[in-house]
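**Student:** Submitted below is the structure of interest, expressed as structure tokens.
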Amino acid sequence: MDTLFLARAQFAFTAVFHFFFIPLTLGLSIFTAILETAWVKTGNERYKQLARFWGNLFLINFAVGVVTGIVMEFQFGMNWSEYSRFVGDIFGVPLAIEALLAFSVEATFIGIWLFGWNRLPKALHAATIWIVALGSTLSAFWILVANSFMQYPVGYKMAADSSRAEMADFFAFIFNPHVWKQFPHVLAGGVVTGGFLVIAVSIWHLVRATTEREAFKTSLKFGAFYAVTGAILVTLAGHAQMQDLLKTQPMKVAAAEALWESENPASFSLLTIGDERELRDIFAIRIPRLLSFLAYDRFEGEVKGIRELQKTYETKYGPGNYIPSVVTAYWSFRFMVGAGTVMLMTSLFVLYRVVKGNYTFSSRVGTLIIWSSILPWIANSSGWILAEMGRQPWLVFGLLKTEEGLSPASVVSSTELMLSLGVFIVIYGVLTFTDVYLLRKYAIAGLDSSE
């Protein structure tokens, strides 16, 4: 089997699995810090119980998530050595800062928080979980700084022999405009992921009328506000990011809309079945002017189509196919937006019930809301797939194509890639099962399990 396909499949598999854990870690760390702060401010012991409960679920997810992330960094050297050689001077900087500052702080203060209950003053102990949350957030930030260079390279210069990119302006690198669109989107995605888990677990206890019903009413109240906040922020951040992509990666937007020809005003695709080989619709339902409105906040404005962008890129970068997989970009975008829309409606419904003081959910409604907790994972994974697949054929946009970043066949063979991919599938499957099993076990066990 083709080594390029196997290397891409392996990285995509490990990246998507790793991203199952990251948003929940971000969301639960902040949520735990909010609850503990409420305890410090009010002295209400229920807030302390809930902080310990959600903090323990955060710890389980954090531990498994760390393991899944380590493998990804090894792949840069094994499967993508030409890529590592090309951007090593740049890409290594944010990864080193993430490991030395963000992750080490996060890991250290997790230990202090875990063993500091009843040993540290309340306010000081609450400060430790805020530092953990800050560390998790900074960790995500530095990873996105690295990723944003691949999406929109800035702050670099080419070496004299053009063999690699070198850091030229560190501040331009960290203030990459792409980072400041992508980071709020990912952070808000973490908040809504955490919020939906809180809602699901709380409603599970309420529907089954467990002995901790009153405590989980409080948990649901906090979780509903948290989830709605995250759902609104992720929608706004996603909209801003889409408008930015029109300037930096218009082909990604055109592929996500299956927009073959440039339009002004541009229509939004409600459903398109296209022929990627001939770049045309087979069947399409489109809403006139809506894409222009989403792109420019007005009902007119040009959105470039795939055909025109292909010709532009051929002129700029030379002969080649610059069109990503349209079907992948198109459907990943719709899964992300569709899941996000349902999340917003669901969280608003739960918040409405909470504000009204109605904590009674029928078994059917409760079950639907509990299962809705998988929606953030669908949205997060789809968004990540769109971000990475929509950039193709570029590994570093405009500088290095994906096929050029692959390790030589003499370094890693297709057999080795296939074998390691199989091993990763087994290991990651076990880790995911372990994470879900432990989260479910301690979530069902309730507050006593956190003591």
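The values are calculated or read from the model by the stated rules, or taken from the named source; none is laboratory data. Keep in mind that what you see is a predicted model, and the values were worked out from it rather than measured. Cβ sites come from the backbone with ideal geometry, for glycine too, and all protein chains shown count toward neighbours. Quick note on the areas: whole protein, heavy atoms, side chains included, nothing else; ligands and nucleic acids left out. Shrake-Rupley method; radii C 1.70, N 1.55, O 1.52, S 1.80 Å.
Residue-wise test of (1) open to solvent by less than 10 Å² (accessible area, probe 1.4 Å); (2) more than 27 Å from residue 148 (Cβ to Cβ).
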| residue | (1), (2) |
| --- | --- |
| 208 | no, yes |
| 212 | no, yes |
| 220 | yes, yes |
| 223 | yes, yes |
| 243 | no, no |
| 258 | yes, no |
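**Student:** Just for the range 414-435: of the residues that are surrounded by 14 or more Cβ atoms within 10 Å (Cβ to Cβ) and either without any contact (Cβ under 8 Å) to a residue 60 or more places away in the chain or of a type in the set (Val, Ile, Thr) (or both), which one is farthest from residue 113 (Cα to Cα)? I'd like the intermediate steps shown before the answer.
**Tutor:** Of the residues in the range 414-435, the ones surrounded by 14 or more Cβ atoms within 10 Å (Cβ to Cβ) are 414, 416-418, 420-421, 424-425, 427-428, 431-432, 434-435.
Next, from what is left, pick out any that are either without any contact (Cβ under 8 Å) to a residue 60 or more places away in the chain or of a type in the set (Val, Ile, Thr) (or both): 416, 425, 427, 432, 434.
Working: 416: 42, 425: 33, 427: 29, 432: 25, 434: 24 Å.
My answer is 416.
**Student:** Quick one: is residue 126 assigned to a helix (DSSP H, G or I) and either within 21 Å of residue 53 (Cβ to Cβ) or free of Cβ contacts under 8 Å to residues at least 24 places away in the same chain (or both)? Walk me through how you get there before you give the answer.
**Tutor:** Numbers: assigned to a helix (DSSP H, G or I): yes; either within 21 Å of residue 53 (Cβ to Cβ) or free of Cβ contacts under 8 Å to residues at least 24 places away in the same chain (or both): yes.
The answer is yes for residue 126.
**Student:** Output the number of the condition that residue 211 fails; it satisfies all remaining conditions of (1) among the polar types (S, T, N, Q); (2) within 28 Å of the chain's Cα centre (by Cα); (3) in a loop (DSSP other than H, G, I, E, B).
**Tutor:** Condition (2) is where residue 211 drops out.
**Student:** Residues 225, 216, 293: which one is within 24 Å of the chain's Cα centre (by Cα) and assigned to a helix (DSSP H, G or I)? Before you say what the answer is, go through the steps one by one.
**Tutor:** Working: 216 fails: within 24 Å of the chain's Cα centre (by Cα); 293 fails: within 24 Å of the chain's Cα centre (by Cα).
Going through 225, 216, 293 in turn, the sole match is 225.
**Student:** Also: Within the range 225-241, how many residues are surrounded by 17 or more Cβ atoms within 10 Å (Cβ to Cβ) and under 25 Å from residue 268 (Cα atoms)? Walk me through it before giving the result.
**Tutor:** Taking the range 225-241 first, the residues surrounded by 17 or more Cβ atoms within 10 Å (Cβ to Cβ) are 225-228, 230-231, 233-235, 237-238, 241.
Narrowing the set further to residues that are under 25 Å from residue 268 (Cα atoms) leaves 231, 233-235, 237-238, 241.
Going through the range 225-241 one residue at a time, the tally reaches 7.
**Student:** Let me ask you something else. Pick from the range 262-286 the residues that are over 10 Å from residue 303 (Cβ atoms) and not in a strand (DSSP E or B): which of them is most open to solvent (accessible area, probe 1.4 Å)? Steps first, answer last, please.
**Tutor:** Within the range 262-286, the subset over 10 Å from residue 303 (Cβ atoms) is 269-286.
Those left that are additionally not in a strand (DSSP E or B): 276-279.
Details: 276: 74, 277: 222, 278: 102, 279: 31 Å².
Applying the filter and picking the extreme gives 277.
**Student:** Here's a check for you: in the range 291-309, which residue that is of a type in the set (A, V, I, L, M, F, W, C) and open to solvent by less than 90 Å² (accessible area, probe 1.4 Å) is nearest to residue 274 (Cα to Cα)? Before the answer, list the steps.
**Tutor:** Our first condition is that a residue be of a type in the set (A, V, I, L, M, F, W, C); within the range 291-309, this holds for 291, 293-295, 299, 303, 306, 309.
Add one more test, that the residue is open to solvent by less than 90 Å² (accessible area, probe 1.4 Å), and what stays is 291, 293-295, 303, 306, 309.
Details: 291: 18, 293: 23, 294: 22, 295: 22, 303: 18, 306: 12, 309: 18 Å.
In this case the residue turns out to be 306.
**Student:** Pick out, from the range 1-120, the helices (runs of 4 or more DSSP H) lying fully within it that include 2 or more residues that are in contact (Cβ under 8 Å) with a residue 24 or more places away in the chain and under 22 Å from residue 443 (Cβ atoms). Let's see the steps before the verdict.
**Tutor:** On the way: elements: 3-42, 45-78, 81-97, 104-115.
Output list reads 3-42, 45-78, 104-115.
**Student:** I've got another one for you. Residue by residue through the range 117-149, note down the ones that are more than 17 Å from residue 29 (Cα to Cα) and open to solvent by 20 Å² or more (accessible area, probe 1.4 Å).
**Tutor:** First pass over the range 117-149, keeping only residues more than 17 Å from residue 29 (Cα to Cα): 118-122, 142-149.
The answer is 118, 119, 120, 121, 122, 142, 143.
**Student:** Still on this structure: When residues of the range 372-413 are filtered for being open to solvent by less than 20 Å² (accessible area, probe 1.4 Å) and among the acidic types (Asp, Glu), how many remain?
**Tutor:** Summing the residues that are open to solvent by less than 20 Å² (accessible area, probe 1.4 Å) and among the acidic types (Asp, Glu) in the range 372-413 gives 0.
**Student:** Hey, among the residues in the range 247-256 that are in a helix (DSSP H, G or I) and open to solvent by less than 30 Å² (accessible area, probe 1.4 Å), which one's nearest to residue 148 (Cα to Cα)?
**Tutor:** Among residues in the range 247-256 that are in a helix (DSSP H, G or I) and open to solvent by less than 30 Å² (accessible area, probe 1.4 Å), the one nearest to residue 148 (Cα to Cα) is 248.
**Student:** Considering only the range 354-410, how many residues are of a type in the set (Ser, Thr, Tyr) and touching a Phe, Trp or Tyr at 6+ places or on another chain (Cβ under 6 Å)? Don't jump to the end; show me each part of the working.
**Tutor:** Quick first cut of the range 354-410, residues of a type in the set (Ser, Thr, Tyr) only: 359-360, 362-363, 367, 372-373, 381-382, 402, 407, 410.
Cutting the leftovers down to touching a Phe, Trp or Tyr at 6+ places or on another chain (Cβ under 6 Å) gives us 373, 382.
Of the residues in that region, 2 qualify.
**Student:** Looking at the range 18-36, which of the residues that are open to solvent by 40 Å² or more (accessible area, probe 1.4 Å) and either among the charged types (D, E, K, R) or touching a Phe, Trp or Tyr at 6+ places or on another chain (Cβ under 8 Å) (or both) is farthest from residue 183 (Cα to Cα)?
**Tutor:** My answer is 34.
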